[in-house]
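The values are calculated or read from the model by the stated rules, or taken from the named source; none is laboratory data. None of the values given here were measured: they were computed from a predicted structure. A quick note on method: Cβ atoms are made from the backbone with ideal geometry, for glycine too, and the neighbour counts reach across all protein chains shown. When the accessible area is computed, the model is the full protein with side chains, heavy atoms only, and any ligands, DNA or RNA have been set aside. Shrake-Rupley method; radii C 1.70, N 1.55, O 1.52, S 1.80 Å.
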Amino acid sequence: MNIDEILSVFGRHSVDYLLIGGVNFLLNHAGEITFDVDLWVRDEDENLQKTNAALKELGAEWGATERDWKPVPTEQSWLRRQTVFCLTSPYGAIDIFREVKGLEGKYEECKRRAERKTTSTGVGYTSLSDEDMLRCQLALPEAARKPGRVEALKRSIAKHR
């Protein structure tokens, strides 16, 4: 997986997004194995157009079924079909979220709390805050939560208060 390339392309296309999920945790806390880059994008037509252009540049593929799997369409209307998309690309798997469990309807609020950071090689990204990452974990059914991540986030939040 080439996290830097995925984040660089989304940056070049000026996509308004927040890095969430395992890669966000990996870059900010601990070396956790993860298999995809999770991006929560602002759910507006112009931003979905930028998102689609970034996905096209990355050679991303998606399909509603395995039989329909192919390069993403040129026009972004397909991004309105559902709220979460799991895509593949030569740079790694990418999940696009138009809404996030536990943070429904709060993109703007989360964006204000987010931090601008850089990867170890200097690629910029916008990171969902620890508080909001914890809200996402706690919104999951208990069996689906990652206890190590929950505890690490709680420690980080307590340390910064």
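Of the residues Lys50, Lys56, Lys101, the single one that is of a type in the set (Lys, Arg), surrounded by fewer than 17 Cβ atoms within 10 Å (Cβ to Cβ) and part of a helix (DSSP H, G or I) is Lys56.
Pairs are defined by a Cβ separation below 6 Å, a sequence spacing of at least 6 or placement on different chains, a first member in the range 141-161 that is touching a residue at least 24 places away in the same chain (Cβ under 8 Å) and closer than 17 Å to Leu26 by Cβ, and a second member that is of a type in the set (Asp, Glu) and surrounded by 12 or more Cβ atoms within 10 Å (Cβ to Cβ); the pairs so defined are Leu153/Asp130; Ser156/Asp130. Inspect the range 128-138 for any residue being touching a strand residue (DSSP E or B) at 6+ places or on another chain (Cβ under 6 Å), closer than 18 Å to Val9 by Cα and open to solvent by less than 20 Å² (accessible area, probe 1.4 Å) and give the result as yes or no. No, the range 128-138 has no match at all. Based on this model, can you work out whether Phe85 counts as free of Cβ contacts under 8 Å to residues at least 40 places away in the same chain, in contact with a Phe, Trp or Tyr (Cβ under 7 Å, 6 or more places away or on another chain) and either assigned to a helix (DSSP H, G or I) or among the aromatic types (Phe, Trp, Tyr) (or both)? In short, yes. Exactly one residue out of Val41, Val37, Val72 is open to solvent by less than 40 Å² (accessible area, probe 1.4 Å) and more than 26 Å from Ser156 (Cβ to Cβ), and it is Val72.
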